[in-house]
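Here the structure comes first, spelled out in structure tokens, and everything after it is commentary.
The values are calculated or read from the model by the stated rules, or taken from the named source; none is laboratory data. Everything quoted here is computed from the prediction, not taken from an experiment. Please note: Cβ atoms are built from the backbone with ideal geometry, for glycine as well, and neighbour counts cover all protein chains shown. Ligands, DNA and RNA are stripped out before the accessible areas are found, and what is left, the full protein with its side chains, is counted by its heavy atoms. Shrake-Rupley method; radii C 1.70, N 1.55, O 1.52, S 1.80 Å.
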Amino acid sequence: MAPARHIAPVGTTLKRWLPVIFVGLMFFTGLAWNNFPEGGWPRCASYGVIDNPLDDNYMDHVMNVQLPRMNYAQPKVLNPVRTDVLTMTPWFAPIVWEGSFNRDILNEQYKKRNISIGLTVFAVKKYVVFLQRFIETAEKFFMVGQRVNYYVFTDLPEQVPKMTLPDGRQVVTIQVPGYKRWQEVSMRRMEMIHDASMRNFVYEVDYIVAVDVDMQFTDEVGVEILGDVFGTLHPGFYETERQHFTYERRASSQAYIPEDEGDFYYAGGFFGGTVKEVFMLTGHCHSAMMADRDRGIEAIWHDESHLNKYLLNHKPTKILSPEYLWDCNTRSPPFLLKRRFLTVSKNHTQIRS
Ligand code: 5GW
Ligand code: MN
């Protein structure tokens, strides 16, 4: 009788190979993971090669770095440069004041990143008259030496002044509706910046700076303002107790802030950040305004109220002092060493009629 042949039970072959398959998979995914240290799976074969900060090309580059020499006063741990103003929030966001930063150091650091900046401004209806001085003074003081796109949102594209700008700087006109109510003109800025972030900004610039147009630059505004998301202290409220801020106080509004909350009163006319953060900020504010509209309520200071609510809940990573937004009719207090961006007085009845 032939000896009974040992017949392997079903699945044994698989079981025997399982450890091998397992180790193989670990090895393979380990390799793949090392190629993509920022996590996630590659989208295409070349992705890892380009972005791997530890690959040979990158290491060669690191080895060849020439360190430039820079001479400047040593920062002194026991000698704060400004003692008359707050230069840091309780969540460790710097507040930018003259004297608190060294522009040369910042420019040197930003130069290596070759960034470009979008300056958005709305000039709807009669407000086109402000464009000439706005752009002229920006050419003198705004991000000198950097690449800048002026995004002019207007219902009157043919009235945008034609100016020749140096290489790396240009005016981009974006046509928008001329809303009838001025409140609507102001509020819809959030929606239009949100949409343009997706359509244009994300492909064209790294940072967005969103400002009022009835303004002029009177001193340097540079890379010191840049950060993930920043707001500006309103010049009328830097001394005000939080319960007296002109936040929206009706609980039925999305912009509601109770009297015992609030850090600062931020100005609606100067905020910004990376394209991604500005996309989120403007999207959030626009949705909040639409939710209010559905309930028949409009926040007291319109988009500014919603900006304040957003920045209360999403703390800015940098805050600009009132040097960056000052009223031309207010005399400068002693702590205000520079006035960089000033309101242009307007004949209210004429310009707004
Ligand atoms: C018109 C009438 C009353 C209020 C605002 C407008 C208006 C504002 C307008 O007709 N066209 C226009 O483009 N705007 C945009 O909204 C400008 O970019 C302007 O800087 C911004 C905010 O309005 P401002 O500057 O009149 O508001 P305040 O609070 O700075 O005086
Ligand atoms: Mn204004």
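Of everything listed in (1) open to solvent by 40 Å² or more (accessible area, probe 1.4 Å); (2) in a helix (DSSP H, G or I); (3) in contact with a Lys or Arg (Cβ under 8 Å, 6 or more places away or on another chain), the single unmet condition for Tyr179 is (2).
Looking only at residues in the range 135-149 that are open to solvent by 10 Å² or more (accessible area, probe 1.4 Å) and among the β-branched types (Val, Ile, Thr), which one is farthest from Ile115 (Cα to Cα)? Give the steps one after another, and end with the answer.
Within the range 135-149, the subset open to solvent by 10 Å² or more (accessible area, probe 1.4 Å) is 136-137, 139-141, 144-147, 149.
Checking which are among the β-branched types (Val, Ile, Thr) leaves us with 137, 144.
On the way: Thr137: 21, Val144: 13 Å.
My answer is Thr137.
If you check Gly283 against the conditions, is it within 14 Å of ligand 1 (Cβ to nearest atom), within 19 Å of Gly227 (Cα to Cα), out of contact with any strand residue (DSSP E or B) (no Cβ under 6 Å at 6 or more places or on another chain) and not aromatic (Phe, Trp, Tyr)? When the stated conditions are applied, Gly283 does not pass them. Scanning the range 278-306 for residues that are open to solvent by 20 Å² or more (accessible area, probe 1.4 Å) and among the acidic types (Asp, Glu) yields Asp294, Glu298, Glu304. Whether a residue is on the phi < 0 side of the Ramachandran plot, β-branched (Val, Ile, Thr), touching an Asp or Glu at 6+ places or on another chain (Cβ under 8 Å) and away from ligand 1 (no atom under 16 Å from the Cβ) was assessed, and Thr274 passes this test.
Conditions (1) basic (Lys, Arg); (2) open to solvent by 10 Å² or more (accessible area, probe 1.4 Å), marked per residue:
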site	(1), (2)
Thr246	no, yes
Arg249	yes, yes
Tyr256	no, yes
Tyr266	no, no
Lys318	yes, yes
Phe335	no, yes
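Just so you know, in the range 114-160 the residues that are among the polar types (S, T, N, Q), within 17 Å of the chain's Cα centre (by Cα) and away from ligand 1 (no atom under 12 Å from the Cβ) include one that is nearest to Gly269 (Cα to Cα), and it is Asn149.
Within the range 106-126, the presence of at least one residue that is away from ligand 2 (no atom under 16 Å from the Cβ), open to solvent by 40 Å² or more (accessible area, probe 1.4 Å), in a loop (DSSP other than H, G, I, E, B) and under 30 Å from Lys162 (Cβ atoms) is confirmed.
In the range 211-223, of all residues being within 12 Å of ligand 1 (Cβ to nearest atom) and assigned to a loop (DSSP other than H, G, I, E, B), the one that is surrounded by the most Cβ atoms within 10 Å (Cβ to Cβ) corresponds to Val213.
Note on the range 236-266: residues that are out of contact with any strand residue (DSSP E or B) (no Cβ under 8 Å at 6 or more places or on another chain) and outside any loop (DSSP other than H, G, I, E, B) amount to 3. Taking the conditions (1) of a type in the set (Asp, Glu); (2) in contact with a helix residue (DSSP H, G or I) (Cβ under 6 Å, 6 or more places away or on another chain); (3) within 14 Å of ligand 2 (Cβ to nearest atom) in turn, Glu191 satisfies each one other than (3).
Within the range 224-238, does at least one residue satisfy the condition of being of a type in the set (A, V, I, L, M, F, W, C), under 21 Å from Met290 (Cα atoms) and away from ligand 1 (no atom under 16 Å from the Cβ)? No: zero hits. For the range 179-199, give me each residue that is in contact (Cβ under 8 Å) with a residue 60 or more places away in the chain and over 19 Å from Trp301 (Cα atoms). Once the filter is applied, which keeps residues that are in contact (Cβ under 8 Å) with a residue 60 or more places away in the chain and over 19 Å from Trp301 (Cα atoms), the range 179-199 yields His194, Ala196, Ser197, Met198. Within the range 202-222, residues that are within 16 Å of ligand 2 (Cβ to nearest atom) reach partners that are open to solvent by 40 Å² or more (accessible area, probe 1.4 Å) and in a loop (DSSP other than H, G, I, E, B) with beta carbons closer than 7 Å, at six or more positions or on different chains, in the pairs Asp214/Lys346; Thr218/Arg339.
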